[in-house]
Amino acid sequence: MGGWPTAEKALRDHPVRDVLIPGFLDRDDDVPEFRPQPLAVWLRLDEGLLRFESVGQYDRLDITSVDAVGWDDMELFADAEEEVMVASCGEQLFGDGRDELRCTRLRVYRAPGAADTVCTCLALDFQGGHTLFLDPTWTFGVRIGNASDEQRWLKLYGAGGASLAAEVTLSEQA
């Protein structure tokens, strides 16, 4: 299992091209629908991907560098009878039509007593003022949000001792 230093290294060296979310394609109704199941979320980099997965008792974010999207290790998808696919969500999350964005800063949040490389939640700031907040404490996988979701999470869990464990500047704002 990886920790937040894996994300720091990858995001320092590579821009992000997309955010990919797995789910099922439901063809049962008149209109086929994508049903997201964000047990893992991938950031597509200019080379390779970062995989973020909710692990433990939905209490930490595992971060690994991978070569390809895969879900063979996720029982929900591996045994699925439905068609499994990923949705491209970068345009909706970043919304400015860029081909790639540099991550300018990351913030690591940690529950009390967790080891140094453990990440409870992760906030990534990108060029253009966009924030991507990855919250694995959601029952259904990784909740993907923005700066206001980060503030909401801090209000909910900050009183219980969760706090900012690290803040790293990766590149200058552009």
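A few remarks follow.
- Some residue of the range 79-88 being in contact with a Lys or Arg (Cβ under 9 Å, 6 or more places away or on another chain), at pLDDT 80 or above and buried (at least 19 other Cβ atoms within 10 Å of the Cβ): no
- Any hit, the range 108-115, residues being within 26 Å of residue 35 (Cα to Cα) and at pLDDT below 95: no
- Number of residues in the range 40-64 that are modelled with pLDDT of 90 or more and either buried (at least 17 other Cβ atoms within 10 Å of the Cβ) or β-branched (Val, Ile, Thr) (or both): the value is 15.
- Scanning the range 5-27 for residues that are open to solvent by 70 Å² or more (accessible area, probe 1.4 Å) and within 30 Å of residue 161 (Cβ to Cβ) yields 9, 12.
- Yes/no for residue 30 being over 28 Å from residue 5 (Cα atoms), open to solvent by 70 Å² or more (accessible area, probe 1.4 Å) and at pLDDT 85 or above: yes
- Any pair with Cβ under 7 angstrom, 6 or more apart, that starts in the range 57-80 at a residue that is on the phi > 0 side of the Ramachandran plot and ends at one that is among the hydroxyl-bearing types (Ser, Thr, Tyr) and open to solvent by 70 Å² or more (accessible area, probe 1.4 Å): 58/139
- As a summary of the residue check, residue 74 satisfies the conditions (1) closer than 29 Å to residue 32 by Cβ; (2) open to solvent by less than 20 Å² (accessible area, probe 1.4 Å); (3) at pLDDT 85 or above except for the one numbered (3).
- Checked against the criteria, residue 100 does not count as touching a Phe, Trp or Tyr at 6+ places or on another chain (Cβ under 6 Å) and open to solvent by 70 Å² or more (accessible area, probe 1.4 Å).
Each row is one residue, and each column tells you yes or no for (1) within 20 Å of residue 3 (Cα to Cα); (2) open to solvent by 30 Å² or more (accessible area, probe 1.4 Å).
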residue: 106; (1), (2): yes, no
residue: 111; (1), (2): yes, yes
residue: 119; (1), (2): yes, no
residue: 133; (1), (2): yes, no
residue: 148; (1), (2): no, yes
residue: 154; (1), (2): no, yes
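- Counted as qualifying within the range 1-105 are the strands (runs of 3 or more DSSP E) with 3 or more residues that are closer than 20 Å to residue 118 by Cβ, namely 40-45, 49-55, 60-66.
- Each residue in the range 2-30 was checked for being under 24 Å from residue 84 (Cα atoms) and either touching a residue at least 60 places away in the same chain (Cβ under 8 Å) or in contact with a Lys or Arg (Cβ under 8 Å, 6 or more places away or on another chain) (or both), and 11 pass.
The values are calculated or read from the model by the stated rules, or taken from the named source; none is laboratory data. No experiment lies behind these values; they were computed from the predicted model shown. Neighbour counts run over all protein chains shown; Cβ positions are idealised from the backbone, glycine included. Areas reflect the complete protein model, heavy atoms only, side chains present, ligands, DNA and RNA absent. Shrake-Rupley method; radii C 1.70, N 1.55, O 1.52, S 1.80 Å.
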